[in-house]
Amino acid sequence: MSISTPEELEGMRAAGAVVRRVIGAMKQHVDVGITTADLDEVGANVMRDCGARSAPSLVYGFPGANCISLNDEAVHGIPSSRRLRNGDIVKLDVTVEKDGFIADAAITVGVGHVSLNSQRLIACAERAFEKAMLVARAGTLVSEIGRVIEQEVLKDGFSVIRDLVGHGIGRTIHEEPAVPNFADPTATQILTEGLVIAVEPIIAVGSGRAVLSRDGWTVRTADGSTVAHYEHTLMITNGAPMLLTAA
């Protein structure tokens with residue numbers, strides 16, 4: 001969507017604030033031994049308390065309130081009886097609908113003592129996002145966001161998962177434009193003031209080739225390598241973007 005009124009901006013800010021609260025609550029409960037289903041329930045309770053709903057469940061019938069992906073799982077992990085183990089890295093991907101507005105964010109959290117390489121991977125995803133924020137402004141080609149992200153990722157020796165991209169958002173989860181994490185020559189749309197997008201570096205230690213799991217939802221790396229994911233919803237302006245899901 002493209003925000004054109006103060007009321008629309010307030011609606012997106014309200015949805016973003018719920019996303020922030022849900023992620024914060026779930027992050028506090030990440031610990032060795034907790035199940036991903038229990039983590040999901042923590043997030044679902046915060047959503048209900050805020051008068052919001054799970055957008056993936058609402059729009060796509062996803063079997064959980066939040067997508068929780070472990071280790072080599074990139075996105076759309078289904079909450080289950082799996083317990084977190086020392087050294088795991090867990091992706092908490094939260095998308096909520098509140099009063100007709102939808103916002104989306106994700107973080108990657110280490111469980112207990114994680115390897116140095118996993119720490120580097122998590123930091124790289126966050127740093128690639130921050131680099132993208134330097135070019136995410138009105139008048140820039142969408143492809144420039146991906147160019148900056150992949151440049152940062154490759155510099156650290158990691159790979160972008162090219163099949164997984166950011167997207168427009170606001171009234172439903174996935175809107176135009178697609179926002180690739182690499183310099184896609186077909187991403188020719190020009191960012192305009194008020195446009196709302198989700199920018200989300202999803203990066204892997206290995207090749208970056210992704211496959212769909214048998215459950216029909218979870219996307220994981222083909223080579224079993226670890227993945228990190230970092231995402232925020234933002235509004236494009238003539239200057240620095242306005243982050244709608246960040247504090």
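The values are calculated or read from the model by the stated rules, or taken from the named source; none is laboratory data. Computed from a prediction, not measured in an experiment: that's the story for all the values here. Cβ placement follows ideal geometry from the backbone for every residue including glycine, while neighbour counts extend to all protein chains displayed. For the accessible areas, the whole protein counts, side chains as well, though only heavy atoms, and no ligand, DNA or RNA atoms are used. Shrake-Rupley method; radii C 1.70, N 1.55, O 1.52, S 1.80 Å.
What to note about this one:
- Matching residues in the stretch 39-55 - criterion: being aliphatic (A, V, I, L, M), more than 17 Å from I78 (Cα to Cα) and part of a helix (DSSP H, G or I): V46, M47
- Residue satisfying condition, being open to solvent by 40 Å² or more (accessible area, probe 1.4 Å) and without any contact (Cβ under 8 Å) to a residue 60 or more places away in the chain, within set A178, A187: A178
So that you can scan it fast, the table gives a plain yes or no per residue for (1) of a type in the set (S, T, Y); (2) over 24 Å from A204 (Cβ atoms); (3) assigned to a loop (DSSP other than H, G, I, E, B); (4) modelled with pLDDT under 95:
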{"residue": "G146", "(1), (2), (3), (4)": "no, no, no, no"}
{"residue": "L154", "(1), (2), (3), (4)": "no, no, no, no"}
{"residue": "R162", "(1), (2), (3), (4)": "no, no, yes, no"}
{"residue": "I173", "(1), (2), (3), (4)": "no, no, yes, no"}
{"residue": "A178", "(1), (2), (3), (4)": "no, no, no, no"}
{"residue": "N181", "(1), (2), (3), (4)": "no, no, yes, no"}
{"residue": "D184", "(1), (2), (3), (4)": "no, no, yes, no"}
{"residue": "T192", "(1), (2), (3), (4)": "yes, yes, yes, no"}
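- Inter-residue pairs, beta-carbon under 6 Å, first of a type outside the set (A, V, I, L, M) and in the stretch 31-49, second assigned to a helix (DSSP H, G or I) and at pLDDT 95 or above, 6+ apart: G43/V22; G43/M26
- Total residues in the stretch 20-56 satisfying the condition of being within 17 Å of T95 (Cα to Cα) and touching a strand residue (DSSP E or B) at 6+ places or on another chain (Cβ under 8 Å): the figure is 18.
- Subset of the stretch 198-218 that is hydrophobic (A, V, I, L, M, F, W, C) and within 25 Å of K155 (Cα to Cα) - its residue that is surrounded by the fewest Cβ atoms within 10 Å (Cβ to Cβ): V211
- Criterion applied to A74, A65, A17 was being of a type in the set (A, V, I, L, M), in a helix (DSSP H, G or I), modelled with pLDDT of 95 or more and closer than 15 Å to V94 by Cα, and the one residue passing it is A17.
- Qualifying residue in the stretch 96-114 (condition: under 29 Å from S159 (Cα atoms), open to solvent by 30 Å² or more (accessible area, probe 1.4 Å) and touching a residue at least 60 places away in the same chain (Cβ under 8 Å)): yes
- Listed by first and then second residue, the pairs with beta-carbon distance under 6 Å, at least 6 apart or on different chains, first residue in the stretch 1-14 and closer than 13 Å to I102 by Cβ, second part of a strand (DSSP E or B) and not aliphatic (A, V, I, L, M), are G11/F101; M12/F101; A14/K98.
- Some residue of the stretch 52-61 being touching a helix residue (DSSP H, G or I) at 6+ places or on another chain (Cβ under 9 Å), open to solvent by 20 Å² or more (accessible area, probe 1.4 Å), closer than 30 Å to Q119 by Cα and at pLDDT 95 or above: no
- Considering the stretch 22-33, the residues that are of a type outside the set (V, I, T) and within 15 Å of the chain's Cα centre (by Cα) include one that is farthest from G112 (Cα to Cα), namely G24.
- Checked against the criteria, G157 does not count as open to solvent by 20 Å² or more (accessible area, probe 1.4 Å) and farther than 25 Å from N71 by Cβ.
- When the residues of the stretch 219-247 are filtered to those that are open to solvent by less than 10 Å² (accessible area, probe 1.4 Å) and out of contact with any Ser or Thr (no Cβ under 7 Å at 6 or more places or on another chain), the one that is farthest from G110 (Cα to Cα) is L234.
- Considered as a group, the residues in the stretch 128-143 that are in contact (Cβ under 8 Å) with a residue 24 or more places away in the chain and outside any loop (DSSP other than H, G, I, E, B) include one that is most open to solvent (accessible area, probe 1.4 Å), and that residue is L141.
- Conditions (1) in contact (Cβ under 8 Å) with a residue 40 or more places away in the chain; (2) of a type in the set (D, E, K, R); (3) at negative phi; (4) open to solvent by 10 Å² or more (accessible area, probe 1.4 Å): number failed by K91: (4)
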